[in-house]
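All remarks here apply to the structure that follows.
The values are calculated or read from the model by the stated rules, or taken from the named source; none is laboratory data. Quantities reported herein were computed from a predicted structural model and do not represent experimental measurements. Heads up, the Cβs are rebuilt from the backbone with ideal geometry, glycines too, and the neighbour counts pull from every protein chain shown. For accessibility, only protein heavy atoms count, side chains too; no ligands or nucleic acids. Shrake-Rupley method; radii C 1.70, N 1.55, O 1.52, S 1.80 Å.
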Amino acid sequence: MEELTVARKRLKTARVSFDRDYNEKISALSQMESRLDERLNELNRKKHEIAQAYGNLNAADDDLVEVNAGGKIVVAKRSTLTQIKGTRLEALFSGRWDKMIQRDSHGRIFLDVNPTCFRAIVDYLNEVLISSEDSPLDPPSVEDEYTYILQHQLELFGLLDKVPT
């Protein structure tokens, strides 16, 4: 009987210790979550300020974006150009930098890139949007003489590791 009393006492002590440690961890995690929320709010505030100063606050996914790519006009939905998150292409066309992007004499975004390769990238991104996940897509392609330039533009726009080549 005494062994049972000792075991219960140890169990109670262990439970109290466990509950204390658990509550301390929960408290520490809650404090960390609060700090992260504050940092996220600050980042979102700064993002909004930057967008207000340099971008277009009214940018929408279904906006048509006209791009003068090396002298050829390419028109695409903003959502097509920004669908691969975390890329330079997404950042460029997100609307956050619209006031800072170089424009041609007609107000179109001007990119000093090979138009054939840029068109291949936009066509590929459009295919990604309209195709099903069941059917794998062929990577963007151009005639052999432009292959190196296409690879360079994929790298330039941050797409090289996101697009099959």
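Quick check on segment 32-41. Is at least one of its residues polar (S, T, N, Q), loosely packed, with under 10 Cβ neighbours inside 10 Å and either assigned to a helix (DSSP H, G or I) or under 19 Å from the mean Cα position of the chain (by Cα) (or both)?
In the first step, residues of segment 32-41 are kept if they are polar (S, T, N, Q); the result is 34, 41.
Narrowing the set further to residues that are loosely packed, with under 10 Cβ neighbours inside 10 Å leaves none.
No.
Can you find, within segment 91-101, the residue that is surrounded by the fewest Cβ atoms within 10 Å (Cβ to Cβ) among those that are in contact with a Phe, Trp or Tyr (Cβ under 9 Å, 6 or more places away or on another chain) and under 22 Å from residue 129 (Cβ atoms)? Reasoning before the result, please.
Just the residues of segment 91-101 that are in contact with a Phe, Trp or Tyr (Cβ under 9 Å, 6 or more places away or on another chain), to begin with: 91-92, 96-101.
So of that shortlist, the ones also under 22 Å from residue 129 (Cβ atoms) come out as 91-92, 96, 98.
On the way: 91: 15, 92: 20, 96: 21, 98: 20.
So, considering only residues that are in contact with a Phe, Trp or Tyr (Cβ under 9 Å, 6 or more places away or on another chain) and under 22 Å from residue 129 (Cβ atoms), the one surrounded by the fewest Cβ atoms within 10 Å (Cβ to Cβ) is 91.
Here is a list of conditions, (1) open to solvent by less than 70 Å² (accessible area, probe 1.4 Å); (2) touching a Pro at 6+ places or on another chain (Cβ under 8 Å); (3) of a type outside the set (A, V, I, L, M, F, W, C), and residue 19 meets all of them except one; can you say which number that is?
(2)
I want to confirm something. Restricting to segment 45-70 and keeping residues that are in a helix (DSSP H, G or I) and in contact (Cβ under 8 Å) with a residue 12 or more places away in the chain, which single residue is surrounded by the fewest Cβ atoms within 10 Å (Cβ to Cβ)?
53
Applying the selection to segment 135-165, what residues are open to solvent by 100 Å² or more (accessible area, probe 1.4 Å) and of a type in the set (S, T, N, Q)?
Residue satisfying the conditions is 165 alone.
Looking for something within 17 Å of the chain's Cα centre (by Cα), closer than 19 Å to residue 123 by Cβ, assigned to a helix (DSSP H, G or I) and not β-branched (Val, Ile, Thr) - is there at least one such residue anywhere in segment 71-80?
Yes - at least one qualifying residue is present in segment 71-80.
Limited to segment 102-133, what total is found for residues that are closer than 19 Å to residue 54 by Cβ and surrounded by 15 or more Cβ atoms within 10 Å (Cβ to Cβ)?
Number satisfying all stated conditions: 4.
I'd like to verify a number: residues in segment 130-165 that are in a helix (DSSP H, G or I) and either among the aliphatic types (A, V, I, L, M) or over 18 Å from residue 87 (Cβ atoms) (or both), how many?
Qualifying residue count for the region: 10.
Residue 40 passes all but one of (1) at pLDDT 90 or above; (2) under 30 Å from residue 114 (Cα atoms); (3) not small (Gly, Ala, Ser); which number fails?
The failed condition is (2).
Matching residues to (1) within 19 Å of residue 64 (Cβ to Cβ); (2) at pLDDT 95 or above; (3) part of a loop (DSSP other than H, G, I, E, B):
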{"site": "95", "(1), (2), (3)": "yes, no, yes"}
{"site": "117", "(1), (2), (3)": "no, yes, no"}
{"site": "124", "(1), (2), (3)": "yes, yes, no"}
{"site": "128", "(1), (2), (3)": "yes, no, no"}
